[in-house]
Amino acid sequence: MKTRFFLAVTIILATLFTSCKKTEIFPNELTSIEKSMGGSLNGTSWEVVSVLSIPKNVHIIWNEKSPKVNFFVDFVELKFGRNTCSKHYMIGGEDVIVNYSNCVVGNQNNQDLSDLFEGRFKYLMSENGESMIMKNDLETEIVLRRRITLGTTTSINLTVQ
């Protein structure tokens, strides 16, 4: 009985330690992989923190329920709650070129973001890879924060008799 109890506790502690260790290592590995690929955005997911456009007189900051930006192979997906907007993009040197797409969303702040997120942007990744600033020649700046969307679930069924 005691042996099974200690075995169960050992398995649980080993699983917790292993899962904590994986989550600590993962962002650093992802950042190093991303840098070795030349800053490729494919497969990354971001939250929009703010958007600023001086000529359009737009300055929006999201604290809650911020729009999401997901980069795929050749298109970027903007998610505004239930509304989704897709735009074609490509990487040219150190620039991200986002093509126009007719997206209509209900919220004015989200519509402004959708309208401003097109053209040629320089992107600056933070050292730790957790944030990114996208700037274009038309004085538009979009600040993004990385979303970690991968997760694993492990269930252990223990029977102690």
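The values are calculated or read from the model by the stated rules, or taken from the named source; none is laboratory data. Computed from a prediction, not measured in an experiment: that's the story for all the values here. Counting neighbours? That spans all protein chains shown, and the Cβs are built from the backbone with ideal geometry, glycine included.
Quick look at the numbers
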| item | result |
| --- | --- |
| Candidate set from region 73-93 (those that are exposed (fewer than 14 other Cβ atoms within 10 Å of the Cβ) and of a type in the set (A, V, I, L, M, F, W, C)); member that is nearest to R147 (Cα to Cα) | V73 |
| Positions within region 54-96 being over 17 Å from F121 (Cα atoms), β-branched (V, I, T) and not in a loop (DSSP other than H, G, I, E, B), in sequence order | V58, I60, I61, T84 |
| Within region 117-144, tally of residues that are charged (D, E, K, R) and under 13 Å from V51 (Cα atoms) | 4 |
| Hits in region 97-116 (condition: closer than 16 Å to N70 by Cα and not in a loop (DSSP other than H, G, I, E, B)) | I97, V98, N110, L113, S114 |
| Which numbered condition P27 misses (of (1) surrounded by 12 or more Cβ atoms within 10 Å (Cβ to Cβ); (2) under 22 Å from D137 (Cα atoms); (3) modelled with pLDDT under 90) | (2) |
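Conditions tested, residue by residue: (1) polar (S, T, N, Q); (2) surrounded by fewer than 18 Cβ atoms within 10 Å (Cβ to Cβ); (3) at pLDDT 85 or above.
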| residue | (1), (2), (3) |
| --- | --- |
| E47 | no, yes, yes |
| L52 | no, yes, yes |
| K65 | no, yes, yes |
| D95 | no, yes, yes |
| Y100 | no, yes, no |
| N109 | yes, yes, yes |
